[in-house]
Amino acid sequence: FQGLRADITKTFSMAPVFQIAHGFTIGATTPAYTFTSILANDQALLQGTMDNEFSLTGRLNYAWDKHVISKVSLQLTQAQSMCQLEHDYQGNDFSLNFKALNPDLTGENFKGLAVASILQSITSKLSLGLETVYTAMDPSGFNSASISLVGRYNAGDWIASAQLQAQGQLITSFWR
């Protein structure tokens, strides 16, 4: 990073939280100015950022109750736009997650990327899961679907996880 950066933040209230921030950058490839606004309480978070090139990013998280959370993420630029819708359900021993990336529901068929996943506790240390991805983003009409398997073992002082993706790739991680 070469240059100068300054961030000025002002919090107007704490319950609910209302905060704005101005960001100034000189000498970098990032936008020269950004304006961010945040409004949050125990149930919802609303955040938006606009820069000097009129690119807008936004996020909304809403907790329906302690088990159910819905999320929306947006990015609008002159070059492209992105929208992600997400819904989480956290049970006592499992979790469900649904996502849609750039969904287009205006036609007869779904267009976009859809992801659904489940993670289930088998024992207090072992969890197994499944994730399926459906892609319908190709303008020629070619759609694809894939399934991945995941496992996690939590020994208390270390955690190991593995994911077998549909393409045959095995991704592992270990944390201690």
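Here are some notes:
- Cross-chain or 6+ apart pairs with Cβ under 9 Å, the range 1-18 first and of a type in the set (Gly, Ala, Ser), then open to solvent by 80 Å² or more (accessible area, probe 1.4 Å): 3/26; 6/24; 6/26; 15/41; 15/42
- Close pairs (6 angstrom Cβ cut-off, 6 or more residues apart or separate chains): without any contact (Cβ under 8 Å) to a residue 40 or more places away in the chain and among the polar types (S, T, N, Q) in the range 135-151, part of a loop (DSSP other than H, G, I, E, B) and open to solvent by less than 60 Å² (accessible area, probe 1.4 Å) anywhere: 146/166; 148/165; 148/166
- Residue that is farther than 20 Å from residue 70 by Cβ, open to solvent by 80 Å² or more (accessible area, probe 1.4 Å) and touching a Leu at 6+ places or on another chain (Cβ under 7 Å), where the choices are 26, 8: 26
- Test: residue in the range 56-73 that is of a type in the set (A, V, I, L, M), buried (at least 16 other Cβ atoms within 10 Å of the Cβ) and under 30 Å from residue 164 (Cα atoms): yes
- Residue in the range 37-44 that is under 22 Å from residue 100 (Cα atoms), in a strand (DSSP E or B) and open to solvent by less than 70 Å² (accessible area, probe 1.4 Å) present: yes
- Just so you know, in the range 44-55 the residues that are at pLDDT 95 or above and of a type outside the set (Gly, Ala, Ser) include one that is farthest from residue 89 (Cα to Cα), and it is 50.
- Some residue of the range 77-90 being under 24 Å from residue 48 (Cα atoms), exposed (fewer than 15 other Cβ atoms within 10 Å of the Cβ) and in contact (Cβ under 8 Å) with a residue 24 or more places away in the chain: yes
The values are calculated or read from the model by the stated rules, or taken from the named source; none is laboratory data. Keep in mind that this is a model prediction, so the values were computed, not measured. No Cβ is skipped: glycine too gets one built from the backbone with ideal geometry, and neighbour counts run over all protein chains shown. We work out accessible area using only protein heavy atoms, side chains counted, and drop any ligands, DNA or RNA first. Shrake-Rupley method; radii C 1.70, N 1.55, O 1.52, S 1.80 Å.
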